[in-house]
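Here is the structure we will look at, set down as structure tokens.
The values are calculated or read from the model by the stated rules, or taken from the named source; none is laboratory data. Only a predicted model underlies this, so the values are computations on that prediction, with no experimental measurement involved. FYI the Cβ positions are ideal-geometry reconstructions off the backbone, even for glycines, and counts take in every protein chain you see.
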Amino acid sequence: MTDLDLATTRRDITDALLTALERRHDVLDAIVDAETRDEAVEAIATLLGKSTLGAEAVLGMSFYQLTKDERRKNQAELDDLNNALTFTLAERPASSGDSLDLRPFSAADDADLFKVRTEELKVAGDGSGSPAGDLGEEIAKATERVDNEDAVWLVALEGDTKVGFVFGELVNGEVDVRIWIHPDHRKKGYGTAALRKSRSEMAADFPGVPMVVRAPSS
């Protein structure tokens, strides 16, 4: 995650905490009325108009955070973040990862998306930086690497819409992770969300292997 994404996420959490304190009685009622933790998070997010990430932070608050001193610290942090940033997580809703899913690449179903990626970058899909070859050959080689457990290719989905790829290639004892987001879906936080979501996938497929992000989440 980039420094900008980290700061944006932190501001979203801080803003949610301060808003929750202002409406603490409503928040408490929403929590008490909820059957489960997930319902409480959803209720808080709806009540305050904040992201799920912010709502989870509210639900996890400690009592000491209700003191005036802590509230002043939160306000000061929010003021600093507001001065440094020009947008909120609400304007990049995908970066929270709430609505993004990942599934394995399908040679039959996802060749169209890989074609867009290859035409834009003009490099092979294996992360070597070599010029792109024939599309069919590229996909066949990728499928072979995946079958040999030397690679993991994932498609990022927003509902039924394919928004990008996460490529994981085992190279010299490390997992070389690259994120590519379709040009139509950039600047919404999908790259950050895809990277977050892919960590558990890569850890499961390459246990104990260091993960290195080689490219920014476009």
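At-a-glance table
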quantity: Given (1) touching a helix residue (DSSP H, G or I) at 6+ places or on another chain (Cβ under 8 Å); (2) within 22 Å of K122 (Cβ to Cβ), number of the condition V171 does not satisfy; calculated: (1)
quantity: Residue in the range 7-32 that is surrounded by the most Cβ atoms within 10 Å (Cβ to Cβ), counting only those that are more than 17 Å from R72 (Cα to Cα) and of a type in the set (G, A, S); calculated: A30
quantity: Residues that are surrounded by 11 or more Cβ atoms within 10 Å (Cβ to Cβ) and free of Cβ contacts under 8 Å to residues at least 24 places away in the same chain, drawn from the range 107-149; calculated: D109, K115, T118, V123, A124, S128, A132, G133, E137, K141, E144
quantity: Residues of the range 139-178 satisfying the condition of being hydrophobic (A, V, I, L, M, F, W, C) and over 15 Å from A204 (Cβ atoms); calculated: I139, A140, A142, V155, A156, L157, V163, F165, F167, V171
quantity: Out of E56, E39, E91, E35, sole residue that is of a type outside the set (F, W, Y), surrounded by fewer than 21 Cβ atoms within 10 Å (Cβ to Cβ), modelled with pLDDT of 80 or more and within 20 Å of the chain's Cα centre (by Cα); calculated: E56
quantity: Residue, surrounded by the most Cβ atoms within 10 Å (Cβ to Cβ), within the range 163-190, restricted to residues that are of a type in the set (D, E) and under 18 Å from V146 (Cβ atoms); calculated: E169
quantity: Checking V213 against (1) closer than 22 Å to S106 by Cβ; (2) free of Cβ contacts under 8 Å to residues at least 40 places away in the same chain; (3) among the hydrophobic types (A, V, I, L, M, F, W, C), the condition it does not meet; calculated: (1)
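Residue by residue, here is whether (1) at pLDDT 90 or above; (2) part of a loop (DSSP other than H, G, I, E, B) holds:
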| position | (1), (2) |
| --- | --- |
| S106 | yes, yes |
| T118 | yes, no |
| E138 | yes, no |
| K141 | yes, no |
| G191 | no, no |
| A204 | no, no |
| G208 | no, yes |
